[in-house]
1. Taking a ≥ b ≥ c as the square roots of the Cα gyration tensor eigenvalues, with a/c under 1.5 meaning rounded and otherwise prolate when a/b beats b/c, else oblate, which class fits segment 223-332?
2. Can you tell me the FRET efficiency between residue 447 and residue 206 if r is taken as the Cβ-Cβ distance and R0 is 45 Å, rounded to the nearest 0.05?
3. Quick one: if the Förster radius is 25 Å, what FRET efficiency do residue 407 and residue 383 give, using the C-beta to C-beta distance and rounding to 0.05?
4. Name the residues whose placed amide hydrogens come within less than 5 Å of the amide hydrogen of residue 459, ignoring near sequence neighbours (fewer than 5 apart) on the same chain.
5. Work out, in µm²/s and without decimals, the Stokes-Einstein translational diffusion coefficient of segment 96-254 at 4 °C, 1.567 mPa s, Rh from Kirkwood over C-alpha pairs.
6. Which peptide among 110-117, 221-228, 171-178 comes first, and what is the full order, when sorted by highest mean count of other Cβ atoms within 10 Å?
7. With θ set to phi - 60°, apply the Karplus curve 6.51 cos²θ - 1.76 cosθ + 1.60 along segment 141-152 and write out the HN-Hα couplings as whole Hz, x wherever there is a Gly or Pro.
8. Name the long-range amide H neighbours of residue 395: under 5 Å, sequence gap of 5 or more, or other chain; modelled H, no Pro or chain starts.
Amino acid sequence: MSMLLWGLSVAMGAEVRALVEVSPDGLEVLALRPGRTTPRARPALPQPKGPDFLVLQVRSEEGTVLARVDVPDPRVRSVILPDGGGRAGARPRGAVGVTLPWPDGASHVTDVRGQRWDPVSQPPQIPASPPERVLGDGPSDERVDLVILSEGYASADLPQFEADAAAVAAHMVSLEPWSRYQGILNVWRVDVPSKDSGVVPGAVVDTAFSCSYGCRGIAQLICCDDVAVATAAEEAVPGAEGVLVLVNGSTYGGSGGAAYATSYNADQMLDVATHELGHSLANLEDEYPYGEPDPNGLTVAYRNCAPKPLVFWDEWMEPKLAHKGVGAFDGCSYVGLFGPVQDTCKMGVMDETFCPVCREWLTVSLIQELPPMASVVTPPVGDVLMLGDEVEDLVQVEIAPVLDDELIEITWTLDGLPLDLEGPLVDLGCGMVPGGELRVHVRDTTTWVRMFANDVDLEVELGPWTVSTALCGSAIDTGGGDEPKVEEDGCGGCQGSNAALLAPFLLFGMRRRSA
């Protein structure tokens, strides 16, 4: 693609994707490419903080800093062990994809040293099959995308990879919060055949992403070529929020980190994969002790691990929730950090559920990627609705697939009073019933978001529409079909009360958003 076209596409967009490599010398942007053209406003939630040099700045041509983004450190990788606990190691190099805002006037990206990168470079291409959907049917710009890559699967092994990827996706959506919010997930499978079949500890094999056991001297820790993994995922599903590399190996192993997760494909694959995805999908930390200090020398609050004075999950520590065992427990990842529970979270013990704090982070990581929860189909906000006039007077809204129907609360109000809208047949009565202002409230009633309830969109209000009752009718009857009809009763002058009388007289059509 020419520089002209790259410049045009980025200027028209509002995000860029950066492939960043981190080493002891600092960070290097390997590629910048256009991201979403209509990005969503993400809440300003606490982000994992790395060393001071892990910062990218979006600047204007004049040098003004328009945005600043902390780059998660991709070098630290950990593995949960089958008998409890786990190990972690810091690699000398790592790579990760990062989304950067691209506001009006943005020209280039710099690091803290002033090194400049322009959005004209392309990442290297590697052979890969087109992505295949495993789960979900929505557009990527309205979903959370997880890409599953094959490693150590020769061409003849790809049917097994297809089955393994499907099993991981099915297991994910059996767990909370993914089960309740599975409508937000797209899971993709990318078949990347390896020359050799299988990954074996200590053996030299020719595979797609050069994954191997024994990373950083830890027998069960599987690490890969970070740049190759990030490039393949970006080429398959640009801007994917999570990446999992499934390794065709019978020996227990895996890893998690800011950039991607790995898992072997034998007996405990499902538990290993979902634990490690907690890292790459929501930047969660391990709730077991490494027994060593942070290699970067930091003493900061991570998402589910924090120094005791900085523990920030007070909302989950109320007396009424004491039975859940939420508190501040020593032994969360690095020395000096405390976790919210003790031995009862999937981020510390594989066969557990996610603790309330981790579950909230996972829920927020899903919700913040959504478009508005509800939007108007017809009529436009501000229209005057003539009660009993035409089918077009029915108000219709779209509800985004944020969660299952049981957790969506929809309330229609007239002049602030709730309306009873149940039933296919609504008796209009007759006469000049005074109108008012109609609004609709759509709310996600989840009890899983406490710390950031004011930061994510759990409720939306649409309207108002002005309701006028100049026409007199006795009923709106669907007649078993889709189009209601008005049956006149000839009253012509009956009087009614205000919104309380109007409450049972309105019928509104609502439908779910199609993918």
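Any read-out appearing in this document is the output of simple, stated calculations on the displayed coordinates, not a laboratory observation. For clarity, every value in this text was computed on a predicted model and none was experimentally measured. Don't worry about glycine lacking a Cβ; one is built from the backbone with ideal geometry, like all the others, and counts go over all protein chains shown.
1. Numbers: a/c = 2.02, a/b = 1.80, b/c = 1.12.
Taking the square roots of the gyration eigenvalues as a ≥ b ≥ c, segment 223-332 is prolate.
2. 0.35
3. It comes out at approximately 0.25.
4. So residue 459 has HN proximity to 444.
5. Values: Rh = 17.3 Å.
Reported coefficient: 75 µm²/s.
6. Numbers: 110-117: 14.0, 221-228: 23.2, 171-178: 18.0.
Going from most to least packed, we get 221-228, 171-178, 110-117.
7. Karplus-based 3J(HN,Hα) across segment 141-152 equals 6, 10, 9, 9, 9, 10, 9, 10, 9, 8, 9, x Hz.
8. The answer is 509.
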